[in-house]
Structures are given as C-alpha cells and as structure tokens.
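What follows is calculated from the coordinates using simple rules that are stated; it is not laboratory data. If you're wondering where the values come from, they're calculated on a predicted model, not measured in any experiment. Here the Cβ is made from the backbone with ideal geometry for all residues, glycine too, and neighbour counts use every protein chain on show.
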C-alpha cells in the first residue's frame with residue numbers, strides 16, 4: 001500500500017496478496033477511512049469479495065465484507081468514508097483481482113491551548129447588492145445578502161480537543 005505526500009492511501013489486493021495497516025504511534029488516535037473499492041482493468045468477470053478484519057471495542061477480531069464486485073455487474077463501490085481503527089487487514093476473500101482499495105489515513109492530534117493574545121475568530125459577510133443601472137427601465141427586485149450559518153453549530157457533537165490531520 002502506498003501512503004504518499006497526498007492524504008490518500010491505496011492498496012492493491014490479489015488472491016495471494018493481503019494488506020495489513022498497522023501503526024506504531026500509540027500517542028495519537030488513528031483511523032483508516034475507506035472511500036472506494038474498484039476492480040482493476042485486468043480483473044476477470046468473476047465474483048470478487050473484499051473483506052476487512054479489525055478488532056472490536058473489546059479487542060476481539062471481527063471480519064466484515066466491504067464489497068462484492070463483478071466486472072459486468074458492479075465494477076466499483078463507494079464506501080463513503082467507512083472508518084476502521086488499526087490494526088486492519090484487507091484481503092480478497094474470493095476472486096483473483098486485482099482490486100484497488102482507496103481511502104485516507106486520519107490521525108487525531110491534541111490541540112495546543114490557544115493564547116489570549118490571538119485574535120478572536122471573526123466572520124466576514126459580503127453585503128454588496130447589485131444595483132440596477134440608472135435610467136427609466138423596469139425595476140427589478142434587489143437581492144438580499146444571506147448570512148452563512150456557523151458550521152460549528154452543525155457539528156456540536158464533535159470533540160473540540162481533537163484535530164484531524166490527513167496523511
């Protein structure tokens with residue numbers, strides 16, 4: 001699997017090749033956020049079953065099927081950010097591959113306390129309104145500027161102590 005300078009992680013699975021995602025850093029929380037599972041161009045028109053194995057909250061191994069793919073029926077599937085805590089093993093349970101799994105490696109870092117000298121967060125609101133050209137033409141209603149709602153109100157249940165950095 002390749003984890004480059006971009007925040008993307010990807011790996012290739014074949015019948016005899018599984019991928020193990022482990023981290024040695026115990027200080028920070030790590031997540032593997034899976035996005036897509038796609039059959040490679042050379043994949044046969046056979047059933048391909050991709051399985052993930054990880055640990056549950058009690059430390060017991062759990063296996064789940066991430067995708068069942070067939071080239072002529074469904075060659076790709078979106079997992080929409082399915083998050084798994086490492087260690088994780090991805091394997092091709094059925095089929096010969098190649099199958100490509102892509103996603104992101106997320107690391108939660110603790111924020112340093114903010115100093116009092118820093119400026120408060122301020123909102124910038126664009127209040128400009130288009131005005132009709134002067135003249136005797138028909139009046140058109142003026143557009144009103146809309147205030148954007150604070151994104152933090154939608155994310156009340158997120159932990160403010162953690163910041164996610166993508167690798």
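The modelled label-to-label distance for the pair residue 41/residue 68, using points 7 Å beyond Cα in the direction of Cβ, is 2.9 nm.
Ranked for footprinting exposure by Cβ neighbours inside 10 Å, fewest first, 13, 79 give 79, 13. For segment 2-109, what does the alpha-carbon gyration tensor say about shape, rounded, prolate or oblate, given a ≥ b ≥ c as the root eigenvalues, a/c under 1.5 as rounded, and a/b over b/c as prolate? Prolate is the answer for segment 2-109, as a/c is 1.5 or above and a/b outweighs b/c.
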